[in-house]
Amino acid sequence: MSTLVYINSNNGLNKAALEVVTYSKNLGGNVTVIATGSSNQELLATLGQYGASKVIFEASVTADDAQQLTELIATVAQAENAATIVFSHDVVAKAIAPRLSVKLKAGLVSGAIEAPNADGSIKVNVFSGKAFGSVKVTSDKKIISLLPNSIQPSISGSNCSVEAFNGTLTTSKIKVISTKKPEGAIPLPEAELVVSAGRGLKGPENWGMVEDLAAALGAATACSRPVADIGWRPHHEHVGQTGVAIRPNLYIAAGISGAIQHLAGVNGSKVIVVINTDAEAPFFKAADYGIIGDAFEVLPKLTAAVKKFKAENH
Amino acid sequence: MNILVGIFVLNLQPIEKKSKMKILVCISKSPDTTSKIAFTDNNTKFDENGVQYIVNPYDEWYALVRALELKETIGGNVTIVTVGNAADEAIIRKALAIGADEAVRIDADPTDAYYTAMQIADYAKSNGFDLVLTGKETINYNGSQVGGMIAEAMDLPFVSLATKLDAAGTTLTLEREIVGGVQVVEVQTPAVISCAKGMAEQRIPNMRGIMAARTKPLQVIAPVAVETLTTYTTYTMPNAKSACKLIDPSNMDELVELLHNEAKVI
C-alpha cells in the first residue's frame, strides 16, 4: 500500500505538515510527499524523519488554483500508484480534496481526528463538533483530510530523498490580485493555545487584555459570534458552529456564556478554562477549570501569573 | 432629431451593460442550530425526533442572499437546487420566499457528498449557469465537499471560502480566506464558488415573499444513477466532562501551576 501526502510548503514546514506525514506513516506502507510552493530541498528532506520515503516538489505551483493543483496531485498519485491521499484539513485541502475525490473516484473523509479503526472507518466531527461519526470509504482509493492538532508529530527515521516533479502542468485560471497576511499572527485553526473573549468584555477597546494574555502564552486570539457580528473583532476569529471549529490543547474563554453553538466549535479542545462573573453560565459545565470572577480583573492577573511562570521556567 | 437620438442611446445603454447572470444556488437542509443531537438504531442514524430543519445557514445567509444581491444589481435569475425528498419542500419554499426565482428538487436521498454533487453537476451541466454557489459547509456534516466536487465534475474553476463576491461582465472578483490571511482573486465565469461569512447578511422573508413563494415554479427531477463513495457506520457523543475545578479569582498562580503540572498544556 502506498500513501501520498500533500503539503503546501510556501512558508516552510508547519506543524500540520509534520502531523500529516506522521499520520500517513502510521497507516503503514510507503509514504511519498508532494510539496508545492517551495524548493528548499534541505527542509523538505527532513520530512523523512517523520516517515516520508520520498518528497516530490513543484515550486512553481501555488495553492491558488484548486484545479491546477488537483491535476498535479492526481498525476503524482497515479505515477506513485497511491491508494490513499492525505491532506491537512485547511483551506487549501477544502478546495482540492473534493476535486481530487471526483477525479480519482476516491471517497473523501473530511476532518479526520484519529487513525482508522480496525474496520477501516475513520472518526470525524459531525454536527459542528456536537458529535462524532465514523466514516467508511467504500471506493478502492481514499482521501483523508486530517484536522490540525489531532495527532502529535513523531520522529521515526532520517532524511529522505527530494526530487523535482517532471510532468506537465496545466495553467492557473485564478488571477491573484492581492494577498494580505497579518504579521506574526498565529492562524487560529492550527493554534495549540487559544485565548477567546465575548460580549462580557464590553467593547473592542478592552481587547488589549485578551491580546496581552495571548502574547504571554504564545496563543492565538478568538471570539464569540456576537462579538464578530457587531464588528468588535474580525469574522475569521469567530469560533463556533457557524464560525471556525478548533481543537487546541488549551482554550481560555473570558466573558463567553457558552451557548450550544459556541460549544460546538470548541469542545474538541483538550483543556477548557472559563472565566465568567455568572456562576450559572452554561460554559462552566464544559470547562475543566473555572474562575467565577470579572474578566477585567482576572485576565491581567492571569497574564502576570503566566509571565512569572515563563520567567521562572525558561 | 438630436433629442430623439439621445433618448435612444439612453434607453439602450443600460440594457447593453447589464450582464444578466444565471445563478444556481445549492441548498441543503440542516437541523436548527439549537437542536439537541441524538442518534437511534444502535447509533447508526441521526434521531430526527423533534428536530426542526432549516436551510443550512451558509447556503442561505451567504450563497443565496449574495446571489439575490447580484441579481438585483446586474440582473439575472436565481435558481435553487437541492437533493432531497418531498419533505424538504418546506426549506425550498423558505428559500423561494427569501427571493429565489425558481427551484429544482432532485428526488433522492443525499446519501453522501459525492452522490449529491454528481446529481447537482448533472443538472447544472445541461442548464448553462454562469455561477454555481454553495455554502462553505453544512452544519451537520461539515465536510466542505460538495462545492469542489461539483466544480471538478463540471470541469470549472472553484474558489472556496469566499467572503466577498462581485461580478462585472464575465469577471468575478472575490475575496477569500487563505492559510493565515486573505486574498483577492479574479476568475472568469462560469465558475463554482463556496460562500463564507462576510459575503452577505441574513434576510428575513417578508409576507409578500412568503405568498409569492407558493406559486413559484418548483421542478422535481429524477436522480441519475451514481454510486456513493462513503458511508457513516456509527455515531458517538463526546464523553461528558468531569466536574469543573473552580479556582479562586485572586489565585492565578494556582491556575498556571495546574495548567502546567496537571493538564500539561503549557
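The values are calculated or read from the model by the stated rules, or taken from the named source; none is laboratory data. Please read these numbers as outputs of a predicted model, since none were measured by experiment. All Cβ positions, glycine included, derive from the backbone under ideal geometry; neighbour counts span all protein chains shown.
Observations, loosely collected:
- Those residues of the stretch A:203-230 which are without any contact (Cβ under 8 Å) to a residue 12 or more places away in the chain and either within 13 Å of chain B (Cβ to nearest Cβ) or outside any helix (DSSP H, G or I) (or both), in sequence order: A:Asp229, A:Ile230
- Selection over the stretch B:82-102 of residues that are within 15 Å of B:Thr215 (Cβ to Cβ), in contact with a helix residue (DSSP H, G or I) (Cβ under 7 Å, 6 or more places away or on another chain), not in a helix (DSSP H, G or I) and not hydrophobic (A, V, I, L, M, F, W, C) gives a count of 1.
- Of residues in the stretch B:208-217 being part of a helix (DSSP H, G or I) and out of contact with any Gly (no Cβ under 8 Å at 6 or more places or on another chain), the one surrounded by the fewest Cβ atoms within 10 Å (Cβ to Cβ): B:Arg208
- Test: A:Lys285 is modelled with pLDDT under 95, under 23 Å from B:Thr34 (Cα atoms) and surrounded by fewer than 16 Cβ atoms within 10 Å (Cβ to Cβ): yes
- Residue tally, condition among the charged types (D, E, K, R), in a loop (DSSP other than H, G, I, E, B) and within 19 Å of the chain's Cα centre (by Cα), over the stretch B:27-65: 1
- Checked against the criterion of being surrounded by fewer than 21 Cβ atoms within 10 Å (Cβ to Cβ) and in contact with a Gly (Cβ under 8 Å, 6 or more places away or on another chain), the stretch A:142-155 contains not a single residue that satisfies it.
- Residue, farthest from A:Val176 (Cα to Cα), within the stretch A:63-95, restricted to residues that are among the hydroxyl-bearing types (Ser, Thr, Tyr) and within 10 Å of chain B (Cβ to nearest Cβ): A:Ser88
- Boolean, A:Val273 is at the interface with chain B (Cβ under 9 Å from one of its Cβ atoms), part of a strand (DSSP E or B), modelled with pLDDT of 95 or more and within 27 Å of the chain's Cα centre (by Cα): yes
- Restricting the stretch B:231-264 to residues that are of a type in the set (Gly, Ala, Ser) and farther than 13 Å from A:Val271 by Cβ, the residue that is modelled with the lowest pLDDT: B:Ala240
- The selection criterion, being within 27 Å of B:Ala240 (Cα to Cα), among the hydroxyl-bearing types (Ser, Thr, Tyr) and surrounded by fewer than 18 Cβ atoms within 10 Å (Cβ to Cβ), does not hold for A:Thr242.
- Taking the stretch A:248-268 as the range and being surrounded by 24 or more Cβ atoms within 10 Å (Cβ to Cβ) and part of a loop (DSSP other than H, G, I, E, B) as the test, the residues that pass are A:Pro248, A:Gly255, A:Ile256.
- Pick from the stretch B:160-186, criterion more than 7 Å from chain A (Cβ to nearest Cβ) and of a type in the set (A, V, I, L, M), ranking: surrounded by the fewest Cβ atoms within 10 Å (Cβ to Cβ): B:Ala168
- Pair list, Cβ < 7 Å and 6+ apart or interchain, from the stretch B:155-177 residues that are closer than 10 Å to B:Gln188 by Cα to residues that are of a type in the set (Lys, Arg) and not in a strand (DSSP E or B): B:Pro157/A:Lys173
- Any hit, the stretch B:128-137, residues being touching a residue at least 24 places away in the same chain (Cβ under 8 Å), under 19 Å from B:Asp59 (Cα atoms) and surrounded by fewer than 22 Cβ atoms within 10 Å (Cβ to Cβ): yes
- Selection within the stretch A:65-98 - surrounded by fewer than 21 Cβ atoms within 10 Å (Cβ to Cβ) and assigned to a loop (DSSP other than H, G, I, E, B): A:Glu80, A:Asn81, A:Ala83
- Within the stretch A:16-56, tally of residues that are under 21 Å from B:Gly180 (Cβ atoms), of a type outside the set (A, V, I, L, M, F, W, C) and surrounded by 18 or more Cβ atoms within 10 Å (Cβ to Cβ): 4
- Considered as a group, the residues in the stretch A:99-131 that are within 16 Å of the chain's Cα centre (by Cα) and assigned to a helix (DSSP H, G or I) include one that is nearest to the other protein chains (Cβ to nearest Cβ), and that residue is A:Ser128.
- Checking A:Ala52 against (1) touching a residue at least 60 places away in the same chain (Cβ under 8 Å); (2) of a type in the set (A, V, I, L, M); (3) within 14 Å of another protein chain (Cβ to nearest Cβ); (4) outside any helix (DSSP H, G or I), the condition it does not meet: (3)
- Qualifying position, being surrounded by fewer than 17 Cβ atoms within 10 Å (Cβ to Cβ) and assigned to a strand (DSSP E or B), among B:Val220, B:Val192: B:Val220
- For the residues B:Ser242, B:Ser194, the requirement of being more than 7 Å from chain A (Cβ to nearest Cβ), hydroxyl-bearing (Ser, Thr, Tyr) and more than 30 Å from B:Ser126 (Cβ to Cβ) singles out B:Ser242.
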